[in-house]
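Bear in mind that the values in this text are calculations on the coordinates, not laboratory data. What you are looking at is a predicted structure, and each value in this text was computed from that prediction instead of being measured. Because the Cβ atoms are built from the backbone with ideal geometry, glycine has one as well, and the counts that use them run over all protein chains shown.
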Amino acid sequence: QTNLKKVIAEIIPQKQAELKEVKEKYGDKVVGQYTVKQVIGGMRGMKGLMSDLSRCDPYQGIIFRGYTIPQLKEFLPKADPKAADQANQEPLPEGIFWLLMTGQLPTHAQVDALKHEWQNRGTVNQDCVNFILNLPKDLHSMTMLSMALLYLQKDSKFAKLYDEGKISKKDYWEPFYEDSMDLIAKIPRVAAIIYRHKYRDSKLIDSDSKLDWAGNYAHMMGFEQHVVKECIRGYLSIHCDHEGGNVSAHTTHLVGSALSDPYLSYSAGVNGLAGPLHGLANQEVLKWLLQFIEEKGTKVSDKDIEDYVDHVISSGRVVPGYGHAVLRDTDPRFHHQVDFSKFHLKDDQMIKLLHQCADVIPKKLLTYKKIANPYPNVDCHSGVLLYSLGLTEYQYYTVVFAVSRALGCMANLIWSRAFGLPIERPGSADLKWFHDKYRE
Ligand code: NMX
Ligand code: MLT
């Protein structure tokens with residue numbers, strides 16, 4: 001079966017039964033205790049959400065439906081199924097979406113079907129193109145993306161059916177599926193239009209119906225080199241999901257729980273991704289590195305890097321690309337990008353400097369006792385990779401992240417409606433409440 005919707009429709013009743021069983025069997029079990037410090041401290045370490053798509057292990061990193069990143073690189077279909085060489089080893093994002101949605105590794109035929117489906121759904125109407133082309137170019141590209149997603153919201157099938165009173169709760173997942181698939185199909189086109197508008201005199205490039213979702217995105221931005229297409233395939237695969245609690249996934253889920261449609265929900269998620277402690281860190285790393293190179297050049301001593309870290313921290317800033325709220329070791333997504341760059345960009349000076357920094361900075365950060373994790377995260381490498389491949393406009397990098405994150409956020413949203421999850425509404429406490437409850 002290559003029709004994803006039909007596959008999902010068969011899995012949903014089984015998964016609903018599993019969720020019912022979990023609720024009945026374990027509904028009254030205590031998950032854990034949490035402290036006042038955690039309530040005030042961003043709920044760190046508290047399990048407060050259910051997301052069946054992926055889980056983040058502090059040491060192993062992200063596990064998508066039971067598979068690690070190296071396993072996915074090995075098992076997921078590639079753009080050229082016949083090429084077995086290292087230059088063609090990046091997984092197709094179509095494959096990871098299939099896995100996230102179904103829990104099963106896809107066949108080439110299933111990935112191909114998804115590629116064609118997204119091609120068919122991917123046209124962006126001229127009114128939306130005009131909307132983007134009329135946006136002031138000094139808006140940040142993430143602001144443009146968020147606005148363009150809101151513009152597309154007028155075509156939401158869920159919002160229309162709900163407004164007409166034509167949809168029953170048990171069927172919500174279907175229009176959520178339709179909207180989500182449309183959004184995923186259109187987002188590379190929208191993102192490419194933003195890129196061409198902001199950085200290439202608004203000269204647009206037509207979609208190429210022969211290409212896969214990621215390859216076509218690279219093409220529509222104006223990059224035809226094989227290595228860029230491969231990079232974008234890998235990039236869009238590994239950034240897609242990071243369990244339910246990261247800011248973009250959590251925001252999308254929260255907004256969707258109010259039955260705001262996928263466009264409204266993901267626009268909100270994109271706004272969260274645009275924060276420098278989250279997805280914007282990839283542009284911040286590049287900015288940081290370029291400033292460093294301007295002052296010191298690319299051939300530097302370890303001491304130069306250590307001094308720069310001290311300088312940044314003593315001025316009250318963070319070193320972008322290092323640390324994580326959950327991870328306690330180097331992010332496997334960072335390793336994935338190191339492998340890619342060591343093969344494709346081994347002589348690049350900037351990449352070499354980045355690898356030197358990634359060696360030196362964690363040791364330096366370890367001397368700051370308050371930092372729970374000094375190791376490189378996904379954003380540490382991604383910007384430098386794009387820069388070295390010729391995509392030098394770093395204020396755009398988080399848009400690439402957002403194109404990828406749409407996969408995880410949309411898959412989560414569809415499953416949340418299929419599971420019939422309720423509106424999310426935790427309690428909050430004022431300071432008086434803490435005093436009254438705990439005063440000795
Ligand atoms: N540079 C300097 N200080 C840091 C760093 C860093 N890279 N990482 C953590 N700290 C500080 C943090 O600001 C906090 O200081 P204070 O108590 O004065 O507020 C202290 O160390 C304790 O923070 P942690 O418990 O280690 O980290 P937390 O879970 O609060 O935050 C991040 C996680 C990711 C927000 C944090 O490590 C950070 O700001 N890193 C740099 C930005 C970055 O790379 N973000 C991208 C994350 C990945 N993504 O894609 O979203
Ligand atoms: C992500 O991919 O969302 C980041 O690593 C941040 C997180 O997991 O909190």
Worksheet item: About the Cα centre of the stretch 281-388, what is the dipole size in debye to 20, counting +1 per Lys and Arg Cβ and -1 per Asp and Glu Cβ, all else neutral?
Response: 220 debye
Worksheet item: With the chain treated as a Gaussian network of Cα nodes joined by springs under 10 Å, which of GLY275, GLY41, GLY61 yields the largest mean-square fluctuation?
Response: GLY41
Worksheet item: What residue among ILE205, ILE12, ILE313 shows peak mean-square fluctuation when the chain is described by a Gaussian network model with Cα springs under 10 Å?
Response: ILE313
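Order the peptides 284-294, 158-168 from the highest to the lowest mean number of other Cβ atoms within 10 Å of their residues.
Packing order, densest peptide first, comes out as 284-294, 158-168.
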Worksheet, complete the sentence: Scoring the stretch 257-343 by relative contact order with C-alpha pairs under 8 Å, at least six apart, yields a percentage of 24 percent
Fill in: Square roots of 5 times each gyration tensor eigenvalue, C-alpha, the stretch 77-212, largest first, Å
27, 25, 11
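Using only C-alpha atoms and all pairs of different ones, pull out the Kirkwood radius for the stretch 334-424 in Å with one decimal.
Numbers: mean 1/r = 0.0636 Å⁻¹.
When all Cα pairs of the stretch 334-424 are included, the Kirkwood radius is 15.7 Å.
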Discussion item. Give me, ordered by chain and number, the residues 5 or more places off GLY275 or on other chains with an amide H under 5 Å from its own placed amide H.
Written reply: LEU280
Fill in: Subset of LYS23/LYS170; LYS5/LYS47; LYS157/LYS198; LYS73/LYS210; LYS186/LYS229; LYS29/LYS437 violating a 27 Å alpha-carbon distance limit
LYS5/LYS47; LYS157/LYS198
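What order do you get for 265-271, 180-186 when each peptide is scored by the mean count of other beta carbon atoms within 10 Å, highest first?
265-271, 180-186
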Worksheet entry | Alpha-carbon spread of the chain, three principal axes, descending order, Å | 69, 65, 45
Worksheet item: If you plug each phi of the stretch 365-378 into the Karplus form 6.51 cos²θ - 1.76 cosθ + 1.60 with θ = phi - 60°, what whole-Hz ³J(HN,Hα) values come out, in order, with x for Gly and Pro?
Response: 5, 4, 6, 8, 4, 6, 7, 6, 9, x, 8, x, 9, 4
Worksheet entry | Farthest positive-ward along the chain dipole, Cα basis, beta-carbon charges - from GLN33, ALA83, ALA214 | GLN33
Worksheet item: HN-Hα J couplings of the stretch 229-239 from phi, Karplus 6.51/-1.76/1.60, θ = phi - 60°, integer Hz, Gly and Pro as x?
Response: 4, 4, 4, 5, 4, x, 4, 5, 6, 7, 8
Item to complete: Pairs of Cα atoms under 8 Å, at least six residues apart: use those to get the relative contact order of the stretch 281-388, whole percent.
Response: 43 percent
Discussion item. Let's test the formula: R0 of 45 Å, r as the Cβ-Cβ distance of GLN86 and SER428. What FRET efficiency results, to the nearest 0.05?
Written reply: 0.30
Worksheet item: In sequence order, what are the phi-derived ³J(HN,Hα) couplings for the stretch 20-36 according to the Karplus relation 6.51 cos²θ - 1.76 cosθ + 1.60 with θ = phi - 60°, rounded to whole Hz, with x for glycine and proline?
Response: 4, 5, 4, 5, 5, 6, 10, x, 9, 5, 8, 6, x, 9, 9, 10, 4
Worksheet item: Taking the Cα centre of the chain as the origin, how large is its charge dipole in debye, to the nearest 20, when only Lys and Arg (+1) and Asp and Glu (-1) carry charge on their Cβ atoms?
Response: 720 debye
Fill in: Length-normalised contact order of the chain in % [C-alpha pairs under 8 Å, at least 6 apart]
22 percent
Discussion item. Connecting C-alpha atoms closer than 10 Å in a GNM of the chain, tell me which of ASP112, ASP331, ASP348 has the biggest fluctuation.
Written reply: ASP348
Response to the item:
Which residues qualify? For ASP57, with a placed amide H closer than 5 Å and at least 5 residues away or on another chain, they are ILE62, ILE63
